[in-house]
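J.: If you scroll down you'll find the structure; I have some questions about it.
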Amino acid sequence: MTTGLITDAQNTWCPGCGNFAIEHALKDVILRLEAEGTPREQMVLVSGIGCHAKMADYLNINSFYSLHGRSVSFATGICMANPDLKVICCVGDGDAYAEGIAHLLFAAKRNVNMTVLVHNNRVYGLTKGQPTPTSPGEYHSKSNPYDTGEITFNPPELLLSAGCSFVARGYSRRGKELKELMYAGISHSGFSFIDILQICASYLDKTEEYGGKVYVPLDHNPDDFDAACRLVREYRYDDSGKIALGVIFRKERERFHVGVPLLQQDYGDKKSFIMRFIDGRR
Ligand code: SF4
Ligand SMILES: [Mg+2]
């Protein structure tokens, strides 16, 4: 490993992949947090399985390469064990919106103190382009030769419904804004969710479409839940409507571990507490 933030691991993302921009945005945010006094040891990256998950190989930071769809569960455990950590989950759209959807929604409902960055390229890129819950209905590929014919999930709307206390949307080709969103999300106390529209250069390159549709609404008030609902309904991931970027909704509410009395107790030495806990159940 290098002493810097990018490791020596060979990068195997396809040329033009949006993951590069997401990686560099996150790298800059980590450096900013470090410069402001958060030691790198206080940050943990948890990834799922997919092209995005290689972030755990490429960033020189404490990380946990978890299971497909389960990264939010692992991250919840890390948050419970050490509430002082800044826990960042990098997940894919197939990863988080299909297998992992229940974990995602319940962590948002509980307001677990973590940031979830969804690399939403709207396909399963690593396994050759199968459709995910956010693939357009007319999407087809070699592995699914016919249109899916399904409606798409609208992830920010789902998260708003789940009670998520920070909902945002970024775009891999809008790096400056993406960094600000990541910084705001990681600084938020509680569960923060950022759906990042990401270009998949090999299977679903939406550069042209996104370029013509993304915008930053100047008069949006993220404290206004109803306004947030209206904003996310402008775009239903079905290739119609304009795509608003930025913080969609933000609300301060109690973090999960603060609201659970058992987790507030001072147990002293953690190892001896665990041993006492296990012995008490034998
Ligand atoms: S398959 Fe798509 S998401 Fe995966 S590395 Fe290639 S361009 Fe990136
Ligand atoms: Mg994907």
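J.: Could you say which residue among 100, 137 is modelled with pLDDT of 95 or more and farther than 29 Å from residue 32 by Cα?
T.: Just a single option satisfies the conditions, and that option is 100.
J.: A further question follows. Would you mind stating whether residue 153 is touching a residue at least 60 places away in the same chain (Cβ under 8 Å), farther than 19 Å from residue 24 by Cβ, out of contact with any strand residue (DSSP E or B) (no Cβ under 9 Å at 6 or more places or on another chain) and more than 16 Å from ligand 1 (Cβ to nearest atom)?
T.: yes
J.: I'm told residue 99 meets every condition in (1) buried (at least 24 other Cβ atoms within 10 Å of the Cβ); (2) in contact with a His (Cβ under 9 Å, 6 or more places away or on another chain) except one. Can you identify the failing condition by its number?
T.: Single failed check for residue 99: (1).
J.: Right, residue 68: more than 22 Å from residue 32 (Cβ to Cβ) and not in a helix (DSSP H, G or I) or not?
T.: yes
J.: Identify the residue in the stretch 201-216 that is surrounded by 15 or more Cβ atoms within 10 Å (Cβ to Cβ) and more than 16 Å from ligand 2 (Cβ to nearest atom) and, among all such residues, is farthest from the chain's Cα centre (by Cα).
T.: 213
J.: How about the stretch 86-113: which of its residues are more than 16 Å from ligand 1 (Cβ to nearest atom), in contact with a helix residue (DSSP H, G or I) (Cβ under 6 Å, 6 or more places away or on another chain), outside any helix (DSSP H, G or I) and of a type in the set (A, V, I, L, M, F, W, C)?
T.: 87, 89, 112
J.: Suppose we filter the stretch 119-138 for residues that are under 21 Å from residue 178 (Cα atoms) and either more than 10 Å from ligand 2 (Cβ to nearest atom) or polar (S, T, N, Q) (or both); how many remain?
T.: Here the count works out to 3.
J.: Follow-up. In the stretch 24-62, what residues are more than 18 Å from residue 75 (Cβ to Cβ) and either free of Cβ contacts under 8 Å to residues at least 40 places away in the same chain or not in a helix (DSSP H, G or I) (or both)?
T.: Across the stretch 24-62, the qualifying residues are 27, 31, 34, 35, 36, 37, 39, 60.
J.: Follow-up question, since we're still on this one. Among the candidates 171, 235, single out the residue that is within 16 Å of ligand 2 (Cβ to nearest atom) and modelled with pLDDT of 95 or more.
T.: None of the other options fit; the residue is 171.
J.: Is it fair to say residue 21 is under 17 Å from residue 194 (Cβ atoms), more than 16 Å from ligand 2 (Cβ to nearest atom), among the small types (Gly, Ala, Ser) and not in a strand (DSSP E or B)?
T.: Considered against the rule, which asks whether it is under 17 Å from residue 194 (Cβ atoms), more than 16 Å from ligand 2 (Cβ to nearest atom), among the small types (Gly, Ala, Ser) and not in a strand (DSSP E or B), residue 21 comes out as no.
J.: Can I ask one more? Out of curiosity, is residue 45 away from ligand 2 (no atom under 16 Å from the Cβ), more than 22 Å from residue 198 (Cβ to Cβ) and crowded, with 19+ Cβ neighbours inside 10 Å?
T.: No: the conditions fail for residue 45.
J.: Among the residues of the stretch 137-159, which ones are closer than 14 Å to residue 236 by Cβ and either of a type in the set (Phe, Trp, Tyr) or surrounded by 21 or more Cβ atoms within 10 Å (Cβ to Cβ) (or both)?
T.: Those that are closer than 14 Å to residue 236 by Cβ and either of a type in the set (Phe, Trp, Tyr) or surrounded by 21 or more Cβ atoms within 10 Å (Cβ to Cβ) (or both): 153, 155, 156.
The values are calculated or read from the model by the stated rules, or taken from the named source; none is laboratory data. Note that the coordinates shown come from a computational prediction; the quantities given were computed from them, not determined experimentally. Every residue, glycine as well, gets a Cβ built from its backbone with ideal geometry; the counts of neighbours run over all protein chains shown.
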